[in-house]
1. Scan segment 52-72 and tell me whether some residue there is polar (S, T, N, Q) and loosely packed, with under 15 Cβ neighbours inside 10 Å.
2. Considering ARG227, ARG196, which residue is in the same structural domain as PRO339 (by TED's automatic domain parsing), farther than 18 Å from SER307 by Cβ and in contact with a Leu (Cβ under 9 Å, 6 or more places away or on another chain)?
3. Mind checking whether some residue in segment 97-118 is outside any helix (DSSP H, G or I) and closer than 26 Å to GLY23 by Cβ?
4. Restricting segment 277-307 to residues that are more than 25 Å from ALA346 (Cβ to Cβ) and aliphatic (A, V, I, L, M), which is surrounded by the fewest Cβ atoms within 10 Å (Cβ to Cβ)?
5. Any idea which residue in segment 67-78 is nearest to PHE226 (Cα to Cα), counting only those that are touching a Lys or Arg at 6+ places or on another chain (Cβ under 9 Å) and in contact (Cβ under 8 Å) with a residue 60 or more places away in the chain?
6. Need pairs with beta-carbon distance below 7 Å; first residue modelled with pLDDT under 95 and within segment 126-138, second assigned to a loop (DSSP other than H, G, I, E, B); sequence gap 6+ or separate chains.
7. Quick check, is GLY64 without any contact (Cβ under 8 Å) to a residue 12 or more places away in the chain and within 20 Å of the chain's Cα centre (by Cα)?
8. For segment 174-197: of the residues being at pLDDT below 95 and over 11 Å from the mean Cα position of the chain (by Cα), which is surrounded by the most Cβ atoms within 10 Å (Cβ to Cβ)?
Amino acid sequence: MNRILAAASAALGDELDRPVDLGGSTRSQVLRCEKAGGGTVVVKAYQDASGFAAEAAGLAIAAGSGPDLLAVDRSFPLIVMSDFGAAPSLADLLLSDSPQPAAEGLLTWVRTYARIAVAGSGRRDEWERAYAAHARPGPRRTLFHELGNLGEILPEPPPGLDADLAALEGVAERYPVFSPGDICPDNNLLTSAGMRVLDFEGAGYHSAFLEAAYMRMPFSTCWCVFRLPPGMSARLEEVYRREVMSIHPDLADDVLWETGVRHAMATWILVMTWILLARAREQDRPMHPARTPVPTERQLLRYRWTSLLDELDRSGGDLPAVREVTRTWVEETADWDVPDLPRYPAFATS
């Protein structure tokens with residue numbers, strides 16, 4: 001921690017002290033620090049150089065939506081950002097017992113990311129230059145690297161799976177929008193100035209369908225996952241779709257939209273299955289070590305699989321090999337003694 005403080009102080013040009021650990025992740029350490037000149041800042045130090053490059057570049061592209069970027073140390077690597085202070089997150093609202101603030105928070109959330117997507121239109125070259133300025137040499141990992149690892153959790157891949165995965169990989173770049181990356185509820189703070197976004201480690205351009213899947217599923221890669229009330233996901237998705245149609249008019253086509261979001265759902269679910277399934281087979285665990293309530297890994301996986309089967313069953317034969325794999329997982333885990341995923345606490349009685 002002393003090394004982080006020293007490097008951040010040098011980058012900022014102001015002595016930092018009294019660090020408070022804000023949690024971070026296995027990829028980064030996040031500290032709130034006091035400045036000698038008064039006030040506080042947030043310092044984020046990275047294990048992953050690509051996450052550093054994406055965040056440093058992403059904060060510049062999404063200026064006004066996230067923290068202000070105050071200083072950068074490429075060699076450490078770390079960044080120093082403005083501090084939003086103590087503010088509730090969207091996760092806090094969803095896990096509360098108040099439906100109206102939670103519903104309003106969800107609409108603010110989706111409008112925030114639609115606005116970021118539209119504001120990033122035409123700025124991809126600018127993003128690439130900013131990323132390259134902070135990045136170290138080497139290939140970028142993408143979501144689809146993980147799909148190549150599915151054989152690790154499949155005893156025998158069914159015929160046609162390679163073709164289905166190739167179809168899913170085509171989703172990645174179709175109708176690209178700028179996104180901070182991890183748009184989960186706990187990365188969105190409701191401040192006095194409006195919703196502000198945290199975590200740009202996965203920032204970049206990817207398909208609008210991958211973003212929209214967060215609204216339908218909901219929250220593709222998150223720990224804070226329960227069911228939304230009937231109609232809520234569709235409403236959120238439609239708000240996002242209307243906004244991004246201004247930069248991608250083709251998305252007005254219902255068949256195109258439904259196919260794209262369905263394929264994005266399948267992509268996220270396959271990736272998260274690869275991440276979670278081996279652990280969940282060994283032992284069930286809560287999705288977050290400290291927050292409550294949260295689903296368990298087994299509970300979440302079965303919810304994701306049955307949701308995907310419902311989507312594929314309605315599609316008239318889309319992604320048949322993915323459907324077979326997903327049904328196999330559902331059947332193989334029928335003895336997992338877990339309850340169905342309930343609604344978010346905020347909507348438990350609505």
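The values are calculated or read from the model by the stated rules, or taken from the named source; none is laboratory data. Since the structure is predicted, the reported quantities are computational estimates derived from the model, not experimental observations. Virtual Cβ from ideal backbone geometry, glycine too; neighbours counted across all protein chains shown.
1. no
2. ARG196
3. So far as segment 97-118 goes, yes, one or more of its residues are outside any helix (DSSP H, G or I) and closer than 26 Å to GLY23 by Cβ.
4. Within segment 277-307, the match that is surrounded by the fewest Cβ atoms within 10 Å (Cβ to Cβ) is ALA278.
5. PRO67
6. Qualifying pairs under 7 Å: HIS134/ARG74.
7. Yes: the conditions hold for GLY64.
8. By that ranking, first place goes to ARG174.
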